[in-house]
Amino acid sequence: MPSFREARDLLLAHRTDYEAAVQGFRWPDPVPFNWALDWFDVDLAAAPESRDRAALWIVDAAGGHETRFTFAEMSRRSNQVANHLRGLGLRRGDHLLLLLGNVPALWETMLAAMKLGAVVIPATTLLTGDELADRLERGRARMIVAGPEQVARFAGLSTEGVTKVVTGPAVPGWHAYDAAFAAPEAFTPDGATGAEDPLLLYFTSGTTAKPKLVRHSHRSYPVGALSTMYWLGLQPGDVHCNVSSPGWAKHAWSSFFAPWNAGATIFVANQAPFSARALLGVLERCGVTTLCAPPTVWRLVIQEDLAAPKLALREVCAAGEPLNPEVIERVAEAWGLTIRDGYGQTETTALVANTPGQAVEPGSMGRPLPGYRIRVLDHDGAPASEGEVCLDLAGERPAGLMQGYDDGTGRLSGAAGDLYRSGDVAFLDDLGRLTFVGRADDVFKSSGYRISPFELESVLIEHPAVAEAAVVPAPDAIRHTVPKAYVSLVGSAEPDAQTALDIFRFTNGRLASFKRLRGLEFVTELPKTISGKIRRVQLRRLEHEGRLDDPYRGQAFTQSDFPELRHEGERPRE
């Protein structure tokens, strides 16, 4: 088997030759390997051709403030952070809850944790108090690294035995992150890092009330992200912008491992609220060469004058949900570039994609990426033209597959045997291209975020007026789909505007902003199977067909019907 560099260099050499890449690629040896120490520090930070190149470039799109660190500087700074966190008690195998936005400390802490052998729990800064408590408990966090705006949110949570570190100066009960830069610049690890040593714990939505814990190793995401690098078409020296929020797997894919696997610069345009015009201006001014963004962003981008900016873009990609063909056509007409879709999961790295240099069929996710053997199987496990996307694990196991779902005690499940079932359904054509059909279960995506209906329904039924509820995706011009609830009320409740407002207020206070209900429809009863299970598929059909004459239709409301909600914390999507 090849080394990490040999496997990476083969993909770079065959960047536009899909057949040669698939035939020649083999996953690197599963030997002891610490990506931060053995790749980033040695092959990037110490190499004459890359050490003085920008590794991280963060721009404030509104004010123009910029922060840049070279690969050599990031290596030294992450060494100092590792020494500082070790001095505060963080040890190999300890779990660290990382709650930061797109600030340098996020990348420094990720590298430092890898060098220490700690397990990182990435978290979005949008989490509610209950969600933070869940991550502390089931994630078994021993340390928290967070921004100063997060400190107050932990005041009412149980953090006994947890070391807390805040960026900037120290505050009562929290250690100062910035004290790291008085620590030594050289770091000595306490031992070798095994390829299967745990590295990441991601909380991801499923069909249960609580998110599943997806565990990745020092091999699965760092090495597995070679497939993501190949999809994005990255090359050494590229300036790569990925529009993604920290805390989600796609951020690790395209804003951490894949660019630095290629020796590219990670570029971040911070802005709130999001502005497509401002993004295009920053891409032009900074000479960004590769761009990956969710369909929500692309739908906003095409509303601008695409011919105005003089862009240096060579590759443009999308992921998170299917991208409308008309968006692809608009960008191709203006820029002469084709947006290339890619597909994967929190549980994996990029699995399927339209790769550079290949013809793109609008609507198709593309073909299996090097290192992955994809099978499309029907309900009986037989090959089919439309069925569940599965990974063939017999023989060489793909490096980018998770270790398994962690039950909260360290026991794993879900990734053993000769087959991994993704839970996603796709159509397979005669040329080996896959087109996404939908989830085998009821999970859907809104603005690239996975939404679990069951999780939202569990909050809804806590409201005293709600008897039953079913959440389904409703079409949306910007977000692709948004969460909408069909609700049957208890006998004493009235299906009127006041009840709707009260339910919106109740759920808004208990759900992160990206999970909030955007629509609500009162019905006398919900469609059910003979066994009593709610038939969400029937409600989804109603939404997507726009039918108003169905017996399961009722009085409908949206968040926008109530202007007062915006003044109570409802914000536009960023």
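Each reported figure results from applying straightforward, stated rules to the coordinates on display, with no laboratory input. The structure presented is a predicted model; accordingly, all values stated were derived computationally and were not measured. So basically every Cβ, Gly included, is an ideal-geometry build from the backbone, and we count neighbours across all protein chains shown.
Numbers below:
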item	result
Estimated dipole of segment 310-452 in Debye, rounded to 20 [Cβ of Lys and Arg +1, of Asp and Glu -1, Cα centre]	560
Extension reserve of the residue 566-residue 188 stretch, reckoned as 0.36 nm per residue once the Cα distance is removed	131.0 nm
Inter-site label distance for residue 176 and residue 496 at 7 Å from Cα along Cβ, in nm	5.9
J(HN,Hα) series, segment 447-456, from Karplus relation 6.51 cos²θ - 1.76 cosθ + 1.60, nearest Hz, glycine and proline x	6, x, 8, 7, 10, 9, x, 4, 5, 5
Nearest-0.05 FRET efficiency for residue 305 and residue 544, computed from C-beta distance (R0 45 Å)	0.90
Three-way shape call for segment 444-568 based on the alpha-carbon gyration tensor, with the a/c threshold at 1.5	rounded
Sparse-neighbour loop sites [trypsin sites (Lys or Arg not before Pro); segment 383-479; at most 10 other C-beta within 10 Å; DSSP]	411
Summed side-chain charge close to residue 465 - residues other than residue 465 whose Cβ falls under 10 Å, Lys, Arg +1, Asp, Glu -1	-2
Under 5 Å, built H, 5+ apart or other chain: amide partners of residue 55	69, 70, 71
Farthest positive-ward along the chain dipole, Cα basis, beta-carbon charges - from 90, 278, 354	90
Rounded to 10°, Cα long-axis angle of helix 4-13 versus longest principal axis of the chain	70
Antiparallel %, DSSP beta bridges [both residues in segment 444-568], to 5	80
Cβ-defined net charge surrounding residue 147, 15 Å radius [Lys, Arg +1; Asp, Glu -1]	-1
Ordering of 215-221, 98-104 by burial proxy (mean other Cβ atoms within 10 Å per residue, highest first)	215-221, 98-104
Unit charges at the beta carbon, dipole of the chain: most positive-side option, 246, 75, 448	75
Debye, to nearest 20: dipole size of segment 444-568, +1 on Lys, Arg Cβ, -1 on Asp, Glu Cβ	660
Loop-located GluC sites (Glu not before Pro) in segment 48-119, at most 11 other Cβ atoms within 10 Å (DSSP)	49
FRET efficiency, 1/(1 + (r/R0)^6) with R0 30 Å, evaluated for residue 49 and residue 278 via beta carbons	0.35
Cut-off under 5 Å, modelled amide H: who pairs with residue 214 long-range	202, 203, 204, 406
Set of aspartates and glutamates near residue 164 by C-alpha distance (under 12 Å), chain-local residues within fewer than 8 positions excluded	none
Segments 13-25, 511-523, 229-241 sorted - mean Cβ within 10 Å per residue, highest first	229-241, 511-523, 13-25
Burial ranking of peptide ranges 301-314, 352-365 (average Cβ count within 10 Å, highest at the top)	352-365, 301-314
Free-standing Cys, the chain [no other Cys Cβ under 4.7 Å]	241, 286, 390
Cross-link reach list, lysines versus residue 445, counting only Cα pairs under 21 Å and skipping chain neighbours closer than eight places	210, 212, 250, 484, 515
FRET efficiency for residue 431 and residue 335, using Cβ-Cβ distance with R0 set to 35 Å, rounded to 0.05	0.85
The chain - charge dipole about Cα centre, Lys and Arg +1 at Cβ, Asp and Glu -1, debye rounded to 20	780
Amide proton proximity set for residue 419, modelled H, under 5 Å, gap of 5+	393
16 Å cut-off, amide nitrogen to a point 7 angstrom out along residue 137 Cα→Cβ, residues in segment 451-476	459
Neighbour net charge for residue 15 - beta-carbon separation under 14 angstrom, K R +1, D E -1	-2
Helix-only [θ]222 nm of the chain, DSSP H runs n ≥ 4, -39500 (n - 2.57) each, per residue, nearest 500	-6500 deg cm²/dmol
